[in-house]
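Asker: I have a structure I would like to understand better, so I am pasting it below and will then ask my questions one at a time.
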Amino acid sequence: MWTTRLRYSGLGLLLVGLAVALLAAWRLSPVVFGTSIGFVLLVVAILALARDGWNQTSPQSLTARDFAPQSVRGVRVMDPGLRRDYAPMVPAAVSRRVAGNPKRRRAANPKPRPAVSTVATPEPAGRGRRGRRRNETLQPYDTVSLAEERQAAGIDDLFTALDIELIGLLPVKKKVEEIGSLLLVDRARQRFGLSASRPNMHMCFTGAPGTGKTTVAVMMADLLHRLGYLPKGHLVHAMRDDLVGEYIGHTAPKTKAVLDRAMGGVLFIDEAYTLFRAEDSKDYGQECIDILMQVMENDRDKLVVILAGYKDRMDNFFESNPGMSSRIAHHLDFAAYDIDELLAIGQLMITRSSYYLSEQAESAFRDHLSVRRTQPRFGNARTVRNDLENARLRHAFRLAADPDRRRSKDELMRLEPSDILPNGALPDNPT
């Protein structure tokens, strides 16, 4: 404030001095008076220009013209008419006030705003982005890895178990891997927003008893669930008695009850050919088949039906019910096991139970299986399992015959030829 008063006082004294000088010049000579008048006009013009420059660089003028923030005072802008940027020259007092106040400090040093581009710059093809959430739709320049998709779905352990736990069955394993690959690619396509018709997953497993049909069905239910094809991963096992009633009006409620329990997972119908009996005109199996076909068509996004049975009998069943045949997309044939595969299955079973066959017992078991395969009602892996259970019984009975003898760990685990077949005789029940 005092600087303003001092400035105006000096201007007044200057004007008074000019007036006295002009009066003196008038008395001296008209020439001197004219020269003095020109000099005064020049000084006035200079003062006017200086005042205009002061007003243009004052803080109030800069704030009004958006050259400086309103919260900063005492800021000078160098050459504002030519440059939009300014060089602040803040007095010491102002600097102390700004430094002590965070709001003023932020206002005195405003952060430059980043330029906003309205045109998206695409990334080079093949590079892709990682870390994007799985529920976000990917862009065309993104990429996916099927190995990462397998890991995200958690299906590697399923295929490992399929290779280890199932002996042989190479065509079946290949078919399962093909189905898994199809659903895996569909899963990757959906991340890019690509839509396709939902694949039909109703299946038919044909083969003799004990060839692994139920085991593969359980794994298939888990696989379809992990890959997002089914909301649940459970399997419901059913046969004719669970689906077909004994009187009029009994079949529909029984069939619908089983379907309700299986909804969201897999319905496994064992010996499905028994649902249709052409020789019995009063049979109610056809009503069950009609309900199944309707649900298989309308609710295939919620249910997968797997029909199982002997190959020749299932062929006759499909010939008598062409509508059911057209709804089955995948046919898997489970071939009978050979001797080496049966022996490997037996080794796997007893290893899980912490037993093992001696060299003589392994040879005796191979000879035993060679004979068993030629007998009626041979159940492949089921027969192997039952025969090994009988071997464990004989092993336990043999050790218990001498209760006072101390046994080692190896004796409690080792099966001998006498445990496989006592006296070389076949058991009474072949299965």
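Asker: Can you tell me the order of 397-403, 262-268 when each peptide is scored by its average per-residue count of other Cβ atoms within 10 angstrom, highest first?
Answerer: Numbers: 397-403: 10.3, 262-268: 22.1.
The peptides rank, most packed first, as 262-268, 397-403.
Asker: For region 180-237, divide the Cα radius of gyration by the Kirkwood radius and give the resulting Rg/Rh value with two decimals. Kindly include the intermediate steps, with their values, before the conclusion.
Answerer: Working: Rg = 13.5 Å, Rh = 12.9 Å.
On the Cα set of region 180-237, Rg over Rh gives 1.05.
Asker: Which order do the peptides 247-259, 327-339 take when ranked by the mean count of other beta-carbon atoms within 10 Å per residue, highest first? Could the numbers behind the result be given before it?
Answerer: Details: 247-259: 15.2, 327-339: 17.2.
Most protected by this proxy first, the peptides run 327-339, 247-259.
Asker: Please report the accessible area of D186 (heavy atoms, 1.4 Å probe, ligands and nucleic acids excluded) in Å², nearest 10.
Answerer: My reading of the accessible area for D186 is about 30 Å².
Asker: Pairs K174/K409; K213/K256; K254/K311; K175/K409; K174/K254; K174/K232: which exceed 31 Å Cα-Cα?
Answerer: Working: K174/K409 41 Å; K213/K256 24 Å; K254/K311 27 Å; K175/K409 43 Å; K174/K254 36 Å; K174/K232 24 Å.
Check vs 31 Å cut-off fails for K174/K409; K175/K409; K174/K254.
Asker: Taking the convex hull of the Cα atoms, report for region 346-429 its projected area averaged over all directions, in nm².
Answerer: Working: hull surface 22.3 nm².
Projected area, direction-averaged: 5.6 nm².
Asker: What do you get for Rg/Rh of region 270-390 when both radii come from the Cα atoms and Rh is the Kirkwood radius? Let's see the in-between values first.
Answerer: On the way: Rg = 19.9 Å, Rh = 17.5 Å.
Value, to two decimals: 1.14.
Asker: At a probe size of 1.4 Å, how large is the accessible area of K175, to the nearest 10 Å²?
Answerer: Estimated to the nearest 10 Å², K175 gives 60 Å².
The values are calculated or read from the model by the stated rules, or taken from the named source; none is laboratory data. These numbers were taken from a predicted model, which means no experiment stands behind them. Neighbour counts run over all protein chains shown; Cβ positions are idealised from the backbone, glycine included. Note: accessible area is taken over every heavy atom of the protein model, side chains too, but ligands, DNA and RNA are not part of it. Shrake-Rupley method; radii C 1.70, N 1.55, O 1.52, S 1.80 Å.
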